[in-house]
Amino acid sequence: MIRFILTRVLRAVITIALVVTFAFVVLRLSGDPATIILGPEAPPDAIAAFRKSWGLDQPVWVQYLDYFAAIFRGDLGVSMRDGRPAFDLVMERIPATLALTLPALMLKLALGIPAGVYAALHQGTAFDRTVMVTAVFGFAIPSFVLALGLVLLFAVTLGWLPSGGRDTVWHALLPIITLGAGGAAALARFTRSAMLEVLGRPYIRTASAKGLPWAAVVRGHALPNAAIPTVTLVGFLVGSLIAGAVVVESVFSWPGVGRLLVVAVANRDLAVVQCILLLVAATMVASNLIVDFLYGVLDPRLRHGAVADA
Amino acid sequence: MTDLLTLDDVARAYVTRKGLLGRRSTVRAVDGVSLQVKAGETLGIVGESGSGKSTMGRIALGLERPNEGAVRFDGAPMPLAGTPEWRDARRRMQMVFQDPLAALDRRLPVLTQIIEPLAIHKIDTDPARAGLEALTAVGLSRDHGARFPHELSGGQRQRVVIARALMTAPDLLVCDEPVSALDVSIQAQVVNLLIDLQQRSGLGMMFISHDLRVVRQISTRVAVMYLGRIVEEGPAADVLRTPAHPYARALVSAAPAPGPRRTDRVILTGEPPNPAARPTGCAFHPRCPVAVARCRSEAPPLVPIASGRSAACHLITPFAKVAA
Amino acid sequence: MIDIYPSTEAPARRLPQIPWFVMLAMGWIGFVLLVALLADVITPFSYTAMDLKYRLVAPFQTFSHPLGTDELGRDVLSRLIVSIRISLLIAFGATIISAVLGTTLGFLAAHFRGFVEQAVLMLADFQAALPFLILALSVLAFFGNSLPLLIGLMGLYGWERYARIARGLAISASAQGYATAITQLGARPTRVYLRHILPNIASTLIVSMTLVFPEVILLESGLSFLGLGVQPPMTSLGNMVGYGRDYITRAAWIMLAPSTVIVLTTLAVSLVGDWLRDKLDPTLG
């Protein structure tokens, strides 16, 4: 078990290092930041000064090491547009994003998992088919189409809810529904197939053949086993709490991290983009790591070290 | 007659590891084997599963590189697997596999696969005629050639594999349990086919099998393997009629043979051999009915025991001493 | 011999039973493909032609603009047709790049094992650790935008799935025997992989492509919707929705037409993909 955890932590660290390297390489490949920021007609001494202040006059490997060191110090650069530390800019926006993504996550879990389990237990019924059809549509409708459809219905036609901004609780309703609905459909479909897979296993038939009541079979054998793959997907959903709302925040003019990212990309504010990139990667890797530990708890085979790293 | 294939004190160990940070352990699958295959003769390799006989077949073909010792083919060292020289040498040495269905591409008609070696080695003949000849040579019809592997029976598939192996007219053929996946009634047909083909082309053959009956039928000489080592070797008729090594005796007496019921049956007891936990001294001593104290501590070398025969056992008097 | 398996070349090969909704989905895909191919011929107007007399005309009002016009008087139908072409072009290009890239990396991993395999798996982990939209946005921020770059970028989407599949199947092909057997015949690795292993795993790869394809459409339309994908004056489905959204109160049809096409197309491809998967390869997730 300890070896399993160590392997996973090692992998997580390597992944983060890869993301940092990726950011650095892309940053260097994208051309001379001095000319991008100051414009091609900037005076040469201004460019030289810019290069010096950003460390661009050093050899590449020195810049690479400096880059790593800076990130370890928590120094993620200054927004090239408004001169404030990128990290602060991003942190300011996180509460707004979480105000959407956390309730949306609750909605997904509360709708998706029970719907998936119920559909699997009642395979072939009208409910099951409804869940499946909804799930397929939920996948095919992009979030911006769903968002605009909801706006068209509830804001434009009915006038019940505001279409954008962040002034009242009501403003959060449409974005949360948009985020939650699509995710719930995907989660329901996934839970259903995980559950069906488990229900087809011999140990379920054994458990029910030995006379255990069906409810006990489901509670004691099917659910815990179906939980294992589902946890992975939930981990992914948690990992995307920070940046899962890029499109939806843009549609509803919600001042969160996602909208900041879109604006920063449009303005080519590299420090902010890179800060969000690293933050998202860190969240994702951390939640994957938690999922791995949960696996250890849920799956006794891992707990006893019988399964090598796959 | 010159030796076509020579294995000289060859050993192959595998290092296994549990997980990324796991403990290493070493398994010696083949442990100091020397043997020769001459043109026109068949060397039978006999042993239980885990005796290292398949690994040895792969080493003989250069599919695997031994950790120690040398493999020579027609006097020249075996080239490294995957190199152009090695690929070129495939023309002259071929293999017949245990599971013919697995050895064939299930998406291509078998005739296409039979003539593939011509394209691989850029052999300049008429592929259509060569393919038909090859089909006829292994007793299949033109109609069989158009079928897919799953549309043929096990015996027919193995004939296809043999036809493909013989396409480049090789000098050496290694057969790894070629009939053990087939019905008994089909086994004899395939074995007879191999004998026929060998007599016609004069190739050297290494025939790996756990089935003494089949080995007796096809082999000129036989080597008996136990846990990666040869324990007895000699002319097939002699070794299989009067085995000298206790393990060979046990194997022979366990195999059904025609004739009156035998009274001197040796029954093997104890654990089957496990290459990961090799006993000290003579590897066979825990199961040997005649083991003495020396067998536990000292591994017996393979020494001549009669004309053309050798065995590795402390209790057998070496040939040289008898002669003296 | 008893012939248990039906011959694959049996003359009386019946059409498999295709459910009606899959038929419908295939019909829609065919229709959309036809529209994309014939875009030059069937567009009534140039997609950039402005007709300031007819601004924000609603659909079904005039014969000349059956789907209405936008804020600049451009014909929505013509723009829609061109958008379908661009979006499909990107999705096809990206899916093919991703399949080729992933399969190649998977084969390399299976062939060389060791360090190469670890490196490929590491890259796949990296890809899986970042939501692709974020990755794509970062690259676009750094490199700016152009159609080839966009296709190339989308081509990075989903490669790790093909790589995992190709690696796993190639390893099992080697362990199973036919790959080993052909290597043992003296064939070069390229022959073993391209002539034998690839045809054997093609059906699995094609199923994966039909599953990735709709996701690429969604991704591209999402980026274009945000104004960071296809840039004007060029147009794509997501792009049209993005610009149409400003007129949602006055001229909702501008965004409704492309939205419908996006939803129907992703729906159709994923229905066909699911059906194919169940038919050909139920082991795929």
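The values are calculated or read from the model by the stated rules, or taken from the named source; none is laboratory data. Source: prediction; values computed, not measured. Backbone-built Cβ (ideal geometry, glycine too); neighbour counts: all protein chains shown.
Okay, here's what the table says:
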{"read-out": "B:Lys53, sole failed condition from (1) more than 13 Å from the chain's Cα centre (by Cα); (2) more than 14 Å from chain C (Cβ to nearest Cβ); (3) not β-branched (Val, Ile, Thr)", "value": "(1)"}
{"read-out": "Subset of the range A:159-181 (residues that are within 21 Å of A:Ser240 (Cβ to Cβ) and in a loop (DSSP other than H, G, I, E, B))", "value": "A:Arg166"}
{"read-out": "Among the candidates C:Gly227, C:Gly244, residue that is outside any loop (DSSP other than H, G, I, E, B), in contact with a helix residue (DSSP H, G or I) (Cβ under 9 Å, 6 or more places away or on another chain), of a type in the set (Gly, Ala, Ser) and farther than 30 Å from B:Val96 by Cβ", "value": "C:Gly244"}
{"read-out": "Output for the range C:82-131, where each listed residue is of a type in the set (D, E, K, R) and under 27 Å from A:Phe236 (Cα atoms)", "value": "C:Glu117, C:Asp125"}
{"read-out": "Qualifying residue in the range C:200-216 (condition: within 14 Å of chain A (Cβ to nearest Cβ), closer than 23 Å to A:Ala266 by Cβ and either among the aromatic types (Phe, Trp, Tyr) or crowded, with 24+ Cβ neighbours inside 10 Å (or both))", "value": "yes"}
{"read-out": "Flag for B:Leu43 being out of contact with any helix residue (DSSP H, G or I) (no Cβ under 6 Å at 6 or more places or on another chain) and without any contact (Cβ under 8 Å) to a residue 40 or more places away in the chain", "value": "no"}
{"read-out": "Total residues in the range B:125-167, condition within 9 Å of chain C (Cβ to nearest Cβ), buried (at least 23 other Cβ atoms within 10 Å of the Cβ) and aliphatic (A, V, I, L, M)", "value": "3"}
{"read-out": "Filtered residues of the range A:1-31 (kept if away from chain C (no Cβ under 12 Å) and modelled with pLDDT under 75)", "value": "A:Met1, A:Ile2, A:Arg3, A:Phe4"}
{"read-out": "Identity of the residue in the range A:76-125, polar (S, T, N, Q) and surrounded by fewer than 20 Cβ atoms within 10 Å (Cβ to Cβ), that ends up modelled with the lowest pLDDT", "value": "A:Gln123"}
{"read-out": "Of the criteria (1) surrounded by fewer than 16 Cβ atoms within 10 Å (Cβ to Cβ); (2) of a type in the set (Lys, Arg); (3) at pLDDT 85 or above, which one A:Arg259 fails", "value": "(1)"}
{"read-out": "Selection count where residues are over 23 Å from C:Ala129 (Cα atoms) and either polar (S, T, N, Q) or under 19 Å from the mean Cα position of the chain (by Cα) (or both), scope the range A:221-251", "value": "3"}
{"read-out": "Among the residues listed as A:Ala216, A:Ala226, the single one being assigned to a helix (DSSP H, G or I), buried (at least 17 other Cβ atoms within 10 Å of the Cβ) and among the aliphatic types (A, V, I, L, M)", "value": "A:Ala226"}
{"read-out": "The range B:183-192 - residue that is within 17 Å of the chain's Cα centre (by Cα) and among the hydrophobic types (A, V, I, L, M, F, W, C) and, of those, surrounded by the fewest Cβ atoms within 10 Å (Cβ to Cβ)", "value": "B:Val191"}
{"read-out": "Qualifying residue in the range C:171-190 (condition: of a type in the set (D, E, K, R), within 14 Å of chain B (Cβ to nearest Cβ), over 27 Å from the mean Cα position of the chain (by Cα) and in a loop (DSSP other than H, G, I, E, B))", "value": "yes"}
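Table: residues versus (1) under 20 Å from the mean Cα position of the chain (by Cα); (2) surrounded by fewer than 16 Cβ atoms within 10 Å (Cβ to Cβ); (3) among the basic types (Lys, Arg); (4) more than 8 Å from chain C (Cβ to nearest Cβ).
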| site | (1), (2), (3), (4) |
| --- | --- |
| A:Phe139 | yes, no, no, no |
| A:Ser143 | yes, no, no, no |
| A:Pro162 | no, no, no, yes |
| A:Arg166 | no, no, yes, yes |
| A:Val169 | no, yes, no, yes |
| A:Ala172 | yes, no, no, yes |
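The rows are residues; the columns are (1) in contact with a His (Cβ under 9 Å, 6 or more places away or on another chain); (2) assigned to a helix (DSSP H, G or I); (3) without any contact (Cβ under 8 Å) to a residue 24 or more places away in the chain.
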{"position": "B:Glu64", "(1), (2), (3)": "no, no, no"}
{"position": "B:Gly69", "(1), (2), (3)": "no, no, no"}
{"position": "B:Gly82", "(1), (2), (3)": "no, no, yes"}
{"position": "B:Glu85", "(1), (2), (3)": "no, yes, yes"}
{"position": "B:Met95", "(1), (2), (3)": "no, no, no"}
{"position": "B:Arg106", "(1), (2), (3)": "yes, no, no"}
{"position": "B:Thr112", "(1), (2), (3)": "no, yes, yes"}
{"position": "B:Leu118", "(1), (2), (3)": "no, yes, no"}
{"position": "B:Lys122", "(1), (2), (3)": "no, no, yes"}
